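Working notes, structure below.
The values are calculated or read from the model by the stated rules, or taken from the named source; none is laboratory data. These numbers come from a predicted model, not from an experiment. All Cβ positions, glycine included, derive from the backbone under ideal geometry; neighbour counts span all protein chains shown.
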Number of protein chains: 2
Amino acid sequence: MRILQREEIVSLCDFDEMASAIERSYVAVSSGSATIPPVGYIQFPEQNGDCHIKFGHLHGDDVFVIKIATGFYNNPKLGLPTSNGMMVALSAKTGEVLAVLQDEGYLTDVRTAIGAAIATKALARPNAKKLLIIGAGIQAREQALAHNRFLPERDFKTTIWARNKDKAAELAQQLAKRGIAANPSDALEEECRAADIILTTTPSVEPIVQSDWIAPGTHITASGADAPGKCELDPALVQRAQLLVADKVDQCLDHGEFSNAALDKTRIIELGEVLAGSAGGRQNDEQVSIADMTGLASQDIAAATTVLKAAGVS
Amino acid sequence: MRILQREEIVSLCDFDEMASAIERSYVAVSSGSATIPPVGYIQFPEQNGDCHIKFGHLHGDDVFVIKIATGFYNNPKLGLPTSNGMMVALSAKTGEVLAVLQDEGYLTDVRTAIGAAIATKALARPNAKKLLIIGAGIQAREQALAHNRFLPERDFKTTIWARNKDKAAELAQQLAKRGIAANPSDALEEECRAADIILTTTPSVEPIVQSDWIAPGTHITASGADAPGKCELDPALVQRAQLLVADKVDQCLDHGEFSNAALDKTRIIELGEVLAGSAGGRQNDEQVSIADMTGLASQDIAAATTVLKAAGVS
């Protein structure tokens, strides 16, 4: 059994390889060539904590992956990070444990950001350049990096809005050091009205983006709503959008943005179908499109498998 | 994060500590002071393999445990063991990963055998001495050891029957080296008629023990049926028994011996209730009693926690 620590995992991550693997994993899920059982879940109410176990197998892969992720929301008071976790990779041929990836949540951050960039590429208008990022946390940073890396031809003009102005400014500084120009702004409505593409990355439990702020042709990739009760988009905006794309329909209707609007399930298509060409994507420059990204075990598998290949494990 | 290998785990196992912890875990499960979510499951039909993920938390414990266990039934053809697996221990206070126990299934073998001995102690007639073990695999060996260790006052007279005579003889030799006298026998019916206590430990998918072979007062601890389709006891025997005890009622009705007989659920009591004194056990020396042991995540947690304490991890 190999044990890979976070630092080694970071050094082994090849963005382009991982993005290709994650794109393929969306297609696998939507075409039924992946086994993704229901997520395991255990709560620790006294500690305001929980643990999710995501696992599955992309058919044909030599490896399958079990991800253990904890969130203990009182941890910051103890000076500890909220999130913890690891992945276990096993042989899909023999059941042997091949590796433990002590990534401390790093791969989840990266695969979430890459998934968002894949959705934006598939759904935004070809000439869309004005990128508004809502939020200034790890996911805001990773999505800024992933969108610029995955879509360099767009030459994005990036704006950051966050509830905490100082954090938006801090993130802009961090990104500048990575060669990405981004302007912090405190005018949320104005920035939403001006944006071509909006990325929502917050843990909000009430709508941040209002329907009447959004111009025709805008694309929104919404990644915050990953559990029941979370919500970043005005339900009227979801209702009004012409193109509704889920990473996984059932999951988005259970706890994603799409669960907050009374939607006819038949209006929703899956990202993997768009990527495979089996469902139509954007039809014109006037459609409002929304990608509801709740996060899939298949992304974890794709991310872990890329690292394991680079490490010579599989 | 500590990594404990099999050899270290074996050396850290204190049988008496572990038996106490497992007894308490049955009481915790039956009294509702444990969170044990449904078992995660993934199949690999092309390799004739599967993976079970058992996890949970005994309320008040500082640690919770996730067990990953694989069974790949074509492995012996490749010269590999069928079973593999590991446990991961995390802090129930902060969600941090504390340890990986690379036990390769050792703790499952031991906790299963200890659970069987606890059931036998709780349910068999006080003077029952004639012990028949059906099967000659790892679990037959471990149950012989656990029963003799846990119930030394019984001074068991032990017989072993297995479909393969040579294996029964081999196991008797192995046990002799551990100071336990056991006689191999090839007369199944006769041995069943003579036994006070029967332990069934096989992966059989059809009844081995027939109802009309079983004398009044006999106790049976059945551990083989741990998945749908498995069966060691004649359903008429289950129907006829006066004392039906499940490790967990829902689990036994889903895939244990009790699932093979059309039973009124109200006839079944839980082992934890008997151990806590909240449900009556054996009433007289004439009752036939059956303990249906499907295996609980709480046993894994208790076993792992005992090892972790001995290792100074928690």
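Do you know which of the residues in segment B:88-107 that are in a strand (DSSP E or B) and either assigned by TED's automatic domain parsing to the domain that holds B:ALA146 or among the β-branched types (Val, Ile, Thr) (or both) is surrounded by the fewest Cβ atoms within 10 Å (Cβ to Cβ)?
B:VAL97
Starting from residues that are among the small types (Gly, Ala, Ser) and in contact with a Gly (Cβ under 6 Å, 6 or more places away or on another chain), keep the ones in segment B:39-82 and report whichever is farthest from the other protein chains (Cβ to nearest Cβ).
Top of the filtered list is B:ALA69.
Can you find even one residue in segment B:105-116 that is within 11 Å of chain A (Cβ to nearest Cβ) and either small (Gly, Ala, Ser) or out of contact with any Cys (no Cβ under 9 Å at 6 or more places or on another chain) (or both)?
Yes, segment B:105-116 contains a residue that is within 11 Å of chain A (Cβ to nearest Cβ) and either small (Gly, Ala, Ser) or out of contact with any Cys (no Cβ under 9 Å at 6 or more places or on another chain) (or both).
Select from segment B:109-128 the residues that are surrounded by fewer than 24 Cβ atoms within 10 Å (Cβ to Cβ) and either charged (D, E, K, R) or at pLDDT below 95 (or both) and list them in ascending order.
B:ASP109, B:LYS121, B:ARG125, B:PRO126, B:ASN127
Results for (1) crowded, with 17+ Cβ neighbours inside 10 Å; (2) in contact with a Cys (Cβ under 9 Å, 6 or more places away or on another chain), shown as yes or no for each residue.
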| residue | (1), (2) |
| --- | --- |
| A:ALA225 | yes, yes |
| A:LEU233 | yes, no |
| A:VAL238 | yes, no |
| A:GLY256 | yes, no |
| A:ALA262 | no, no |
| A:ALA279 | no, no |
| A:GLY295 | yes, no |
